[in-house]
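Undergrad: One structure is given below, represented as structure tokens, and several questions about it will come after.
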């Protein structure tokens, strides 16, 4: 009995040292014809199904409309509704020409209830008119990197020249979710617009995102972003969820019925179950030291930015790094000067780099003394000091020789005259 117990304890002790082995799941099978799963922090694509195929974005268009309005306007701006809100198809909060609402109220209407007339009112306020605002949308999309998209209206109603791709919509959503105001709106379940000068009752707005509100498709960690549907586009959904600080962006375009929700859950589960976000380098952390000058003054070099990368679980330690510094670094050096870089690889493939900058300024005086800004580190170049001493002594010797020569010459001249 005692031997059996000893054997069992030894076995438990040994298996405790066996590393965990993770097997990456096969990518999920979804009904939607086009989709992408993107890491929010890095922009890495973790799943791709025809992600560059041109599709109708429907009301997910309002993601771009909203972020432009947030950046260009003020939430407390008073918006006066124009006549062009009349006879707008699709979802509406029944705005009345001449009605006054705040930009914030219209943003909630647009992103929660998917109000098409609210999107028109926002476009008129920010751009002056729908066409001018569409030009702003296309310019912003290009800035974000959504080069496969073109927009002609702020609400996503069908138009042959109004299109995007899953990849582009993921880029746009990733950009928008970087804004705190936008994140707050798209994660709000209920919002109420009080009576206005033209509408005598409160308007209750409810989120259409079934991953956030209490439904059979509720998903823990879901925090955005927008639904969409037209007959031409079919079901479209741009989603966001965060678990343990790791946020993923999902996009499915052209799906059918409630498959949009089950497909999205499959994508998010695949991402969270199989990938982890690692941070091998933090911004402003000291990476290495550079030798400055002959005295090899130790200058700390820090990371200009943080570095993140999503890796398959179990491979967190497979990210490797190498440092490259500029040649012959000399003082003076200003704090923040780029003096090198650190390159990262994963399984032998380059995955990015971060610049290394001087953490402090370094100066050198005429005596060859090196010191930082607050003079906490001072290193003297005795070779330079010795050279100065030798120069001074040499000059002094020459001066003495000249003086003695002149005295001797004067003495000889005096003897000659006498």
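No lab work stands behind these numbers, since they all come straight from the coordinates. Every value quoted in this text rests on a predicted model; they were computed, and no experiment measured them. Here the Cβ is made from the backbone with ideal geometry for all residues, glycine too, and neighbour counts use every protein chain on show.
Undergrad: Taking the Cα atoms only, what angle lies between the long axis of helix 116-127 and the longest principal axis of the chain, rounded to 10 degrees?
TA: The two axes meet at around 30 degrees.
Undergrad: Report, in degrees rounded to the nearest 10, the 0 to 90 angle that the Cα long axis of helix 2-15 makes with the longest principal axis of the chain.
TA: 80
Undergrad: OK, next. Determine the relative contact order of the chain: mean sequence separation of Cα pairs under 8 Å and six or more apart, normalised by residue count, in whole percent.
TA: Relative contact order, the chain: 14 percent.
Undergrad: Can you order the peptides 239-248, 367-376, 103-112, 304-313 by their average number of other Cβ atoms within 10 Å per residue, highest first?
TA: Working: 239-248: 19.2, 367-376: 14.6, 103-112: 25.6, 304-313: 17.5.
The packing order, highest mean first, is 103-112, 239-248, 304-313, 367-376.
Undergrad: Now a separate question. In terms of the Cα gyration tensor, with a ≥ b ≥ c the square roots of its eigenvalues, is segment 171-215 rounded because a/c is under 1.5, prolate because a/b exceeds b/c, or oblate? Before the final figure, lay out the partial values.
TA: Details: a/c = 3.41, a/b = 1.69, b/c = 2.02.
Oblate, since a/c reaches 1.5 and b/c is not below a/b.
Undergrad: Do you know the relative contact order of segment 187-260, to the nearest whole percent, from alpha carbon pairs under 8 angstrom that are 6+ apart? Write out the running numbers ahead of the final one.
TA: Details: 120 pairs, mean separation 14.4, N = 74.
About 19 percent, as a whole number.
Undergrad: When Rg is the radius of gyration of the Cα atoms in segment 286-363 and Rh is its Kirkwood radius, what does Rg/Rh come to?
TA: On the way: Rg = 14.6 Å, Rh = 13.6 Å.
With Rh from the inverse mean 1/r over Cα pairs, Rg/Rh is 1.07.
Undergrad: So what is the relative contact order of segment 282-378, in percent, for Cα pairs below 8 Å that sit 6 or more residues apart?
TA: On the way: 191 pairs, mean separation 24.4, N = 97.
Result for segment 282-378 is 25 percent.
Undergrad: Rounded if a/c is under 1.5, else prolate if a/b beats b/c, else oblate: with a ≥ b ≥ c from the C-alpha gyration tensor eigenvalues square-rooted, which is the chain? Write out the running numbers ahead of the final one.
TA: Values: a/c = 3.61, a/b = 1.81, b/c = 1.99.
It is oblate, given that a/c is not under 1.5 and a/b is not larger than b/c.
Undergrad: While we're on this one: Looking at the square roots a ≥ b ≥ c of the eigenvalues of the Cα gyration tensor of segment 174-303, which shape do they give, rounded for a/c under 1.5, prolate if a/b is larger than b/c, or oblate?
TA: On the way: a/c = 3.44, a/b = 1.98, b/c = 1.73.
It comes out prolate by the Cα gyration axes.
Undergrad: At q = 0.15, 0.18 Å⁻¹, what log₁₀ I(q)/I(0) does segment 36-169 have when each alpha carbon counts as one equal point scatterer in the Debye sum?
TA: Relative scattering, expressed as log10 I(q)/I(0), comes to -0.69, -0.95.
Undergrad: By how many degrees, between 0 and 90 and to the nearest 10, does the Cα long axis of helix 130-144 differ from the longest principal axis of the chain?
TA: It is inclined by approximately 50 degrees.
Undergrad: Right, next: For the chain, what is the calculated [θ] at 222 nm in deg cm²/dmol (nearest 500), taking -39500 (n - 2.57) for each run of four or more DSSP H residues and dividing by its residue count? It would help to have the intermediate numbers written out before the result.
TA: Working: 9 runs with 133 residues, N = 418.
Result for the chain: -10500 deg cm²/dmol, rounded to the nearest 500.
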